[in-house]
1. Checking the structure you have, find out if any residue of region 10-18 is within 60 Å of the chain's Cα centre (by Cα), among the β-branched types (Val, Ile, Thr) and part of a helix (DSSP H, G or I).
2. Assess whether Ala61 counts as being modelled with pLDDT under 95, hydrophobic (A, V, I, L, M, F, W, C), in a helix (DSSP H, G or I) and surrounded by 10 or more Cβ atoms within 10 Å (Cβ to Cβ).
3. Among the small types (Gly, Ala, Ser) and exposed (fewer than 10 other Cβ atoms within 10 Å of the Cβ), is that true of Gly4?
Amino acid sequence: MVEGLEDQNRSLSEGIQDLHGQLGKSQEASKETSKELTILRNRMNLSQQNWAKEREDLISAEKILREEYETTKHAMQDWEVIALEERAVRESLGERLIELEDQISTQKVAYARAVAEGERESNAVAGLQRSLQDIQNSTWSCYFFLLGVSLLTLGKKLVNKNSGTLLRVRKLKYLN
């Protein structure tokens, strides 16, 4: 029995030593795990801090992007309004151009008529001037003819009168 107990004691001592060895290993493993846990906690804290910073950056970037989107949206709406106004002006100018081309065409036709009418009137005036010149020439010819006739008649009358006076003067000369 003592031998059995000694064997058992030895066996238990060996078991205790094994357990002490395992305990030492477990303690070392626990220390390693603790270190790893501390490292992981530090990493997790750092990751949380980084995530918080990245989140703030993302929120800030999102805010900036939203503002840029709104600005771009308003600018795009302004450009659409400007484009619509430009289109309306272009269409209006196109219609006005057509109207002006029609007016120019009408004015060209009217001008051509006026030029033709002017030429006809100019020709008519030239014809009238020639006729007037012919009439004036004829009138002057008639006037000179009548003047000549009148002068001849007057001359004859004067000659006849003077002849009578001349005869009287000759008679008086003879009488004296």
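1. no
2. On the way: modelled with pLDDT under 95: no; hydrophobic (A, V, I, L, M, F, W, C): yes; in a helix (DSSP H, G or I): yes; surrounded by 10 or more Cβ atoms within 10 Å (Cβ to Cβ): yes.
Taking the combined requirement at face value, the residue does not satisfy it.
3. Working: among the small types (Gly, Ala, Ser): yes; exposed (fewer than 10 other Cβ atoms within 10 Å of the Cβ): yes.
It is true that Gly4 is among the small types (Gly, Ala, Ser) and exposed (fewer than 10 other Cβ atoms within 10 Å of the Cβ).
The values are calculated or read from the model by the stated rules, or taken from the named source; none is laboratory data. Not measured: the values here are computed from a predicted model. Cβ sites come from the backbone with ideal geometry, for glycine too, and all protein chains shown count toward neighbours.
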